[in-house]
Structures are given as C-alpha cells and as structure tokens.
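Taken together, the values in this text are just the output of simple stated rules run on the coordinates, not laboratory data. Note that the structure is a prediction, hence the values are computed from the model and not measured. Here Cβ is always computed from backbone atoms with ideal geometry, including for glycine, and neighbour counts include all displayed protein chains.
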Amino acid sequence: MNPESLAGRTDAVTKLWELKRLADGRVAQDMPMVHFGLLLSDENYRDGILEKASISQDPALAQLALALMELGLTGPLRSRPNGFASHSGALAADGITLGGGGGAGGSSRSSASGTLPLWLVMGLILTAFALVGGLWFAQQADGPRSVAVSDSLTRDTVWSAGNTYVLKGMIFVDGGARLTIEPGVTVQGEPGSALIVTREGRIHARGRDDTPVVFTSAKPAGQRKAGDWGGLVLLGSAPVNREGRIEGVDETDSRGSFGGDEAGSSCGVLDYVRIEFAGFEISKDNELNGLTLGGCGSGTIVRNVQVHRGLDDGIEVFGGTVDLQHIVVTGPGDDAFDWDMGWTGRVQHLLIQMHPDTGDNAFEGDNDKTDMDARPRSAPQFYNVTLINDPASSRAHRAMTIRRGSGGQFHNIIATGFNAELIDIRDEATARLTRSGELNFSAILAHASGADGKTPFPQEEDDDGGFSEARYFADGRVEIVGSVGMAREAIDIERPYFATAAAAYRLQPARPPQDEFWDEGADYFGAIRPGGGRGWTHGWTSFPLN
C-alpha cells in the first residue's frame, strides 16, 4: 500500500478504527484502551498498540493487527492542513474540486464527474477555517496547565501533552484503570507523593526521543534533590518467591500487594521516560526507589528509561519476568540496579554511571535473604552493559555484589573505575551456583578496578564458603585492560559523554541469544556500539544536579 495515496490512507484509517473497536472490547483481558487520535498521529504509540494486539488472545484482533503491520505505516496519518492552498488541495485530493465559471454571473454547477458547486465548496472551506480557528483560540486561552492530582485513578485517564501534573500524596492507578501519559508531559511529585500502578491498573507512558515523559520533583530547578518525592511503582501478577508487598503502603491495603502466576502479564508501557530526584524516605532506612517493578510480567514494556539521582536504588526489581532494554541509571543514592524475590527477566543495553559522593553497588543481586534457595530463583540475563565510576571518588563503589542465592548470566560488560571491587560473590549458596554455572560471567572488560586500581577481586575475610573470585575469574572470563576506549567525560556527572571508541581486545564478546527480544547484532562490549558516536542515549536523557 502507498500510505500517501488517498485510497491507501482511507483503508488504513478504516482498519485502525476497527482495531480500536475490537481492542476496546478486550480491555478487561489483554489489551489497553486505545486512543484513536494517538493511533493516527503518533507512530510510536501506533506501533506499540499493533505489537500488543498482534499477540492478543482474540484471533480477529490479532489478524487485523498483523495485516496493519504489513502495510508498513509510517508517520502521522492525520492530515494537518496549513493555509488556504492546503485546504483546497486536501479537498481536491478527497475528490472535491473548485467549480470554475460555468454560467452567466459566474454561477457554478455539478458536472457529470461529481464536481461540487462553488458555493458549497466555499462554505465547507469557511467552516473548516472556523473550526480550526476556534480550536487554536481555545488552545491559546487554556495554554499549558498545571493540574493537581490528589485522588487515585479508578477509570481510564489521559494526561495530555503540554500539561504538568502535580502529585499530591500516594496516587494509585487501580480498579482496572489505564493511565495514558502523552509525549512531553511532565509529572511533578511533592514530598511524600508517589505514583503506584497496582495489579489492577495499567500505565501507558510513551514519550519520544525528542519529547520524553518526565517524572521529577515539584521543587524549582536549582532546589531539587534526591528524595524530593517517592518515585514510580509498577505492581503486577507475575511469579515471585514470597509474598509481595511494596514498602510505604499500609499492610492492610491490598493495593500494595504484587505477584501471582501470570508470567506473561503486563504492568503497562514505559518508553522514553525519565525519572528524577525520587526515593522519598518513608521512615528511617525505608525509602522508595526511582523505579520499582514488583511482580511485573514479560508483557510489560520497559525501554528507553533513565532514572537519575534517586535517594535509594535507581531501579529495583522484585520478582517477576519483566524485561528491560536501553536503560540509563545515573547518580543513585544506594544501588543502581537491585533485584531479588525470584526475578527471571532479561536486560540489554544498560548504562550505569555512579556519582563520586553517593551510592554503593552498580549491581546488587539477591534471591531471598531468609531462604536463599527459594523458587523461582532470581536468574536474570544481562548483555551489553556499561558500568562507570570515577576511580578517585570519595566513596568506595563496587561494580557487582551477587548474594543470597541469586543466579544470573552476565555478558559483554565494560566496568571502569570501581575502586572497591569488580565482582563480590557472597555466601556459600551463591558460590555453589557459580560453580554449577547457574551464575555465569563471560566477556567482561575491567579497567582501573580495586582500591589500588589493579586488584579487582575481594581481599577480605571469607564470606562465601571458601570460594575465590580471583581464581574463578582467572580462566579468561575477565580481561583487565589499560583502557576501554571511553573519553574522560564518561565520568562527568553534568555533561557526560558515553561513546566508546572501537578497539580490539584479546577477549571476544559473546553473541546474544537468538530471540525476538535480543538485539542479536550487539556482539560487542558495553551498552553503546563502539565507534557509533553518542548512540541511543542522546537527546532524551538529562543530567541536572538539582
């Protein structure tokens, strides 16, 4: 189909309307509520809906989605005329032509081919101008608005582009409701606030690389700090290895529960989303994270997400099967990426930058502290990861702490500047998994790691049943290098430059698995393709200090 042709465009619009009708009938099962205007005007939104509909349990909906995907629709399908010539051109394209003379006094008439009278055409044009002008003046009158949000959302809600939404307290998306956040929306959190999407709710926050959705502090720029507000919490019904309840929600409130037996379920969509200055301290040593994923299933889409300057962890995953792709975590107050409770998801293209005056581990991985062999066991897979720390930082940072029975697969990693250790495997249960291969590492480039910059593995007393990280990694899983090809600006916390120069190493990168999730062509070290310039982080990320 030629999407530029009238027939093609009309056919696509008709099919999209039918898709919306079918999808809206499946909201209670496996589909979000579809917004037809966004379906026509926003290519990213359209692609996401088609992707979701193509795997629907409704055969008619899935078949229609696949048919639309085959059309290769690109760009907006909605016409946006600008000026008289465009209006008349659009009308002509739709089969309406201006009458040209025809009788005494310049009257017009319909021709046998269906040309409309001039008076009717002019009436249509004037009506169109009136409508467009009325909408324009209405928009100017309203302008961007600041909207206070103090009540939980229990019905489908859209937060519209151009507006700022201010969270006042714990806001739940619950009761089957779906919150749609349009590209460019800013969500501000006041102290003590958070946005919590429950097992019965959904979120669809899909920005663009030039207009991300931004969750940030309600304080003015220059006065913001980590912990100004709570953060974003998504709770789902995928498997966890013990009862799941999120911190900060009263124990008697069922909205704080997560976990179940629906491995393929969805908590919603986060795409081109930035989360800043989160992690409000609920009580002593009890803070929320920038992004919390509790029991989210593999149907959840989390990609192109940055978490910046949170008070506690950047991202914490409690069980579930959720996958993440193209993730940036900068300046966490504790761990950048933390998991436990049996998480078995996948991550590719992850970039972490620790700040010199705060934070602990880039990775902290657990299974369960009370039962290290609890099932399902945490066993995430990571490919193409870059972990960055300033070796001269005032705090000791560790690249990876894996403990409490967590398994996992870690491949194609660059780790530079970690002045504590590179990898610390703790407790006998985790060491046992390392020996068996359930916890496995390969293709890791390490630079300037360890307190002396040369000794990357723990030298302290035995805490892992006699397991020696130094002996385990001496078999070629890790290459200690003098440079990983990153510019000095990689550790700049205000204006970082994360690109990596192409270089050859003795160690060979691992090829990612063959699966629709993985970028199989990413057979290189680190999160960004070497020699590819700024890469996928450019444009939508931001690094404000306050």
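A few remarks follow.
- According to the Kirkwood relation over distinct C-alpha pairs, the hydrodynamic radius of region 260-310 is 12.4 Å.
- Student exercise, the chain dipole from Lys, Arg, Asp, Glu Cβ charges, in Debye to nearest 20: 2100 debye
- Normalised radius of gyration (Cα atoms, divided by 2.2 N^0.38 Å) for the chain: 1.11.
- Helix 43-54 vs. the chain, principal-axis angle (Cα, 0 to 90°, nearest 10): 80 degrees
- The distance linking region 152-192 with region 499-546 is 33 Å (Cα centroid to Cα centroid, whole angstrom).
- Averaged over residues, the count of other Cβ atoms within 10 Å places the peptides 496-508, 322-334, 13-25 in the sequence 322-334, 13-25, 496-508, highest first.
- Pairs of Lys residues in the chain are counted when their Cα atoms are under 25 angstrom apart and they lie 8 or more places apart or on different chains; the count is 8.
- Semi-axes of the equivalent ellipsoid for region 320-432, Cα gyration tensor, largest first, Å: 23, 16, 11
- Averaging Cα coordinates gives a centre for region 248-312 and one for region 474-497; these two points are 30 Å apart.
- Within region 427-479, trypsin sites (Lys or Arg not before Pro) in DSSP loop having at most 10 other beta-carbon neighbours inside 10 Å: K454
- A simple rule links phi to the HN-Hα coupling: the Karplus curve 6.51 cos²θ - 1.76 cosθ + 1.60 with θ = phi - 60°, which for region 166-172 gives 10, 7, 10, x, 6, 9, 9 Hz, with x for Gly and Pro.
- Taking a ≥ b ≥ c as the square roots of the eigenvalues of the alpha carbon gyration tensor, region 272-387 is oblate, as a/c is not under 1.5 and a/b does not beat b/c.
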